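One structure is given here, and the rest of the page talks about it.
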Amino acid sequence: MSNVRQRWWFRRKEVGFGWGLPTCWQGWVTLAVYTVCLGLGFSSVGTRFGPHGHLVVGGVLTIALLAVVALKGEPLRVDRESVGESADSVRRLDSYRSSAYLIGTIFIALSIPLALRLVPKNGSYGFRIPSTLTGTAAHWYHVNEVAGISGIVAGLVSIGVTRMIARWVSRSNGWRGPTMLLLTVALILVASLPPLLAK
């Protein structure tokens with residue numbers, strides 16, 4: 001058992017939920033790179049993009065860290081997809097899961113420039129409603145900043161929910177795959193509400 005666990009960069013907690021400290025040099029390097037990038041981001045990028053710059057920079061870097069930990073950390077639960085499930089069922093689930101991950105990741109990538117106020121008023125990219133297109137540049141940037149932050153949060157939540165469904169919902173549930181995509185689309189739609197309410 002110990003030999004199997006040695007291949008993971010981060011070991012799961014025996015008590016509680018989540019992962020503990022790294023168990024190998026790769027894990028420690030990952031934490032060191034995260035810490036250095038966080039410091040550099042807060043001291044440079046974060047101070048140039050309005051009051052939410054630090055939040056966006058910290059959030060993006062933390063997302064990247066969690067992604068590495070989730071991929072290289074010891075599984076939190078037994079992966080039931082590898083136990084007694086047909087190859088077709090596994091492939092079908094992988095297809096749904098990959099699609100949901102891709103949609104969430106693309107949505108996050110598109111939202112980051114908006115959250116950092118990098119997108120000027122235009123007719124093709126951004127949160128384009130009558131008030132932003134006809135209003136002032138300040139209004140455009142404010143509403144799109146809110147939209148960007150909402151989009152990042154929605155994308156992250158969709159990826160997390162997809163991962164939980166894939167791991168913990170019974171494999172006999174035929175709605176597991178479609179539910180991933182439906183929840184991803186629903187969260188993206190919900191992300192449009194905060195910018196609509198922004199003044």
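Annotation: amide H of PHE10 within the under-5 Å range of THR23, GLY73, GLU74, sequence separation 5 or more or interchain, hydrogens built in the peptide plane. Among TRP25, TRP19, the order of accessible area from largest down is TRP25, TRP19, computed with a 1.4 Å probe on protein heavy atoms. Here the Karplus curve 6.51 cos²θ - 1.76 cosθ + 1.60, taken at θ = phi - 60°, turns the phi angles of region 93-106 into couplings of 5, 4, 5, 4, 5, 4, 5, 5, 4, 5, 4, x, 5, 4 Hz, with x standing for Gly and Pro. Per-residue 3J(HN,Hα) values for region 109-124, derived from phi via the Karplus relation 6.51 cos²θ - 1.76 cosθ + 1.60 with θ = phi - 60°, read 4, 6, 7, 4, x, 5, 5, 8, 6, 9, 9, x, 4, 7, x, 10 Hz in sequence order (x marks Gly and Pro).
Between the amide H of TRP19 and those of LYS13, distances stay under 5 Å, these residues lying 5 or more places away or on another chain, with hydrogens modeled in the peptide plane.
The values are calculated or read from the model by the stated rules, or taken from the named source; none is laboratory data. Given the structure is predicted, the values throughout are model-derived calculations rather than measurements. Quick note on the areas: whole protein, heavy atoms, side chains included, nothing else; ligands and nucleic acids left out. Shrake-Rupley method; radii C 1.70, N 1.55, O 1.52, S 1.80 Å.
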